[in-house]
Amino acid sequence: MTTIAGPSTPSSAHATTPAALSARIRSLAAPVYTSRVEAEVKAYLDAAYPDLASLTGAAPAQVEKKHRRGGGGSYSASSSRPSTPVQAAKKRTLDEDIAHWTSAAASAGQRLADAEAALPGAIGQARAALESLQTAAQDLALERYRQSDESAALLAQLSSSAPLDDDEEGGERAPTLLEQVEGMEAGLGRTRAALAWSRVLERILRLRDAVLDPAHHTPSALAALPHYRALSDAIVAVEKVLPPGMALLGTLADVRADAWAQLKRVLSDTLLAAAEPLGWPRRVDYASVPADKRRAFERAYSELLHLQAEGESLHATLERSPSWTSGDGLYPIQALTEPITLRFKYHFQGSRSTNRVDKPEWAFANIQDAVYEHAGFIADYLQPLTAREYPKVDVTCELTMLLFPTLLAFLRTRIPHLLSHPALLAHTVYQTVMFDDAVRENGFELARTSVYAGAEAEWEGLAGVILREHDWFEQWLEGERKFAETSLNDIISAPNAWAIAVDEDEDEDDGEAALPSTESARKVKALIEGITDRYAPLPAQEYRVAFLRTIQLPTLAAYHSRLDGSLNAFETLSSAFVRAVPGALGGARPTPDSRVTVGTAGLERLIKAHVSAEYLVAALRSWSNDVLFAEMSADLAGDAAAPSVWDPTAQRYSDLRARAEDMMVRLITSEVESDLKQHLTRRWDVGADGALEDSGPDSSLVAALAGYTSLLSALRVLPRTPAARVYRRVSAHLVNHIAQRAVYAGWSKFTAAGGRALLSEVDDWRHAAAAGVARITPPIPTDVPWNRLYEMATLLALPSESEAEADTPTFAQAMAAAWSGGAALDSLRERTGVHELSEDELQAVLRRRLECWR
């Protein structure tokens, strides 16, 4: 404890720093331990009064010194204070020391009491001071943040890269100070650049004004060319200095182009003024024009050519991509086309009666006439003048080319109004194609014009340009498709759609007769050919292929479906169930007795389908040989030997034709077989025991022969080849039917009389066939299909031994030869005329005689 040394005064050094003050407070607040105090008191007494003498009044100073030499921790620490008794000048005895410490203890107790009394207030004051300090510290922290924000704001005002700090969403902050400085600096730079640009532009404009100054156009505007060269050189110098892409360079280029255009305009006006005495744009009689007027015109014409040549030299470095649609060309010809264009607009782009949407050919004819009228003047006078500067240019081709933009403007103005009128649009495009063809036929070649650079493809014509613009071709194609659909529906639904007629206008140069056809087939062919005529002259193959695939093939497919559907309906209505119900086909009024799928009426319906298909097959084969479609087929397939684009459609129509032919054969044979059914139940053993004598043909045979003749007569409408084919197939089927039902498996075997009866019937069939096909030309041989049945009847009619005549083979001889074979059989064939039957068939027929079994 430091209190042993006595009271002391607080040192100012202990309160100078927070650390010292904190140490002082901790020292005073430390607890007091009694044992430690007792130990320190004892140590003090032992050190201050080491012997009895010291207790009686010996000087304590000596004891103090001795104690210092001996060392005492607590005491030495307290002895450093100036107020200790040991340091006093007066030497205390024990009693005095006791009194001193008693007084000091009382004083310390009083101070302790005072301190304890003042402690709560001091603590409250300290707490209040601490809270005040804490509040001040918080205020200082807030002030620090505020100053930090202000510093950031000041930094944002100074830095252009600082982020936006908008208080309101979507607001815009004002430019920062640095941005304002940068903006002013940029503005100053732009001002300087604008000033420099203005100086350059002022200089260029002065040079331009010098070019256009009339004072420099004496005696001709060509006198201004040196000024234009100065202008061009100045612009080239600026272009070398400035980087490409600057707007200033574009402005300077526009100034140069404007100066050249105005200089060209001056000379063009001079040429037009000189052309007025010639009567241009009317037909020019140049020989009758006064010499001075002719010289003035030729001088103005040559000056424009010279100007163009100089321009090509001056502007050689400029990119130039001429096009025949741009209106660029020889300057004098450009000037001379202006009056022609004005006259054209007056007639065809105004309110004149000549401006008719349904007569675009009038506009094309006007341009063609203009070129034709001046052909002589051009060839005799303008061509020699032009050849001095441009020897490779044909002036007629040049004039024609420079009139194309006039027609293109006319078409571009008119066609948008025609998109809702497919017929007028198709007519306009068609007339455009016709104009292109006429221009080509008149000798126009793009290679003989001034814009030809050697890389252009073949001239595509006005139609090629028009068809590429917007979706005009697609709309034209759609209009043509709808027109074709409507036309096909009208053709099929017409009252005479299925009437059969022969087209007298058919080309018969190949020596073949004209094909019969239905009205609908002829009109479908005319429809397809009309579409071909409209697109054939188109400049690109892609346009022609689009018409083929979008219009023509679908139209033919739709007509094929109509024919195929009619055959399906015929088959359905001719079924056993439906035939029991009276009905009608092809618009006929239903009646209880109508049988439109049988007899001549049914056959005529099949013939109509057949001739329609036959007619279109012939048309398709003819189109396949056309050069247009041969080239199209080769282009699409990439092979000159490729099949025609029409071949698949032709094959479908051929299949339809074959189907109709099969149905005709079935109908005729079924009709005849039905009528013949009762007759084939007759007996052929005439004259045999118990058999009745032959009383002649019965009614069923007569009906069959009449029906056969009537049905064959209906075939006269067919061309000879299919008619002959149907006749042969029908006759072969009937021969086989009669042979199977009468000869090989009849109700009875044959006698000679029965064989003669059969032979007579075969003759009747031959006569009926001849009568049926008599109107078919050239005539069709009718006996050949019946030869086999005739030979069978001949064998069955061979006489017996008792009935035989001289040189007539008997049945017995025929039997012997048939089974002997060899030379005997050959001899029999020669004597009887039986050549088509095989040996087995011959034997089978002979077995049907009664005598064979005896």
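Read the figures in this text as sums done on the coordinates, not as results from a lab. Source: prediction; values computed, not measured. Here the Cβ positions follow ideal geometry from the backbone for every residue, glycine too, while neighbour counts run over all protein chains shown.
Miscellaneous remarks
- Peptide packing: for 194-202, 265-273, 519-527, the average count of neighbouring Cβ atoms within 10 Å per residue gives the ranking 519-527, 265-273, 194-202, highest mean first.
- Cross-link check: pairs Lys264/Lys293; Lys482/Lys525; Lys240/Lys264; Lys523/Lys608; Lys525/Lys608; Lys482/Lys523 evaluated at a Cα-Cα cut-off of 23 Å; pairs beyond the cut-off: Lys240/Lys264.
- Ala29-Tyr744 pseudo-label distance in nm [points 7 Å out on the Cα-to-Cβ vector]: 14.1 nm
- Across the stretch 677-800, the relative contact order, built from alpha-carbon pairs under 8 Å that are at least six residues apart, equals 39 percent.
- Linear extension gain, Ala273 paired with Thr191, 0.36 nm per residue minus alpha-carbon span: 24.7 nm
- Amide H contacts for Arg849 (H built 1.01 Å from N in the peptide plane; partners 5 or more residues away or on another chain; cut-off under 5 Å): Phe750.
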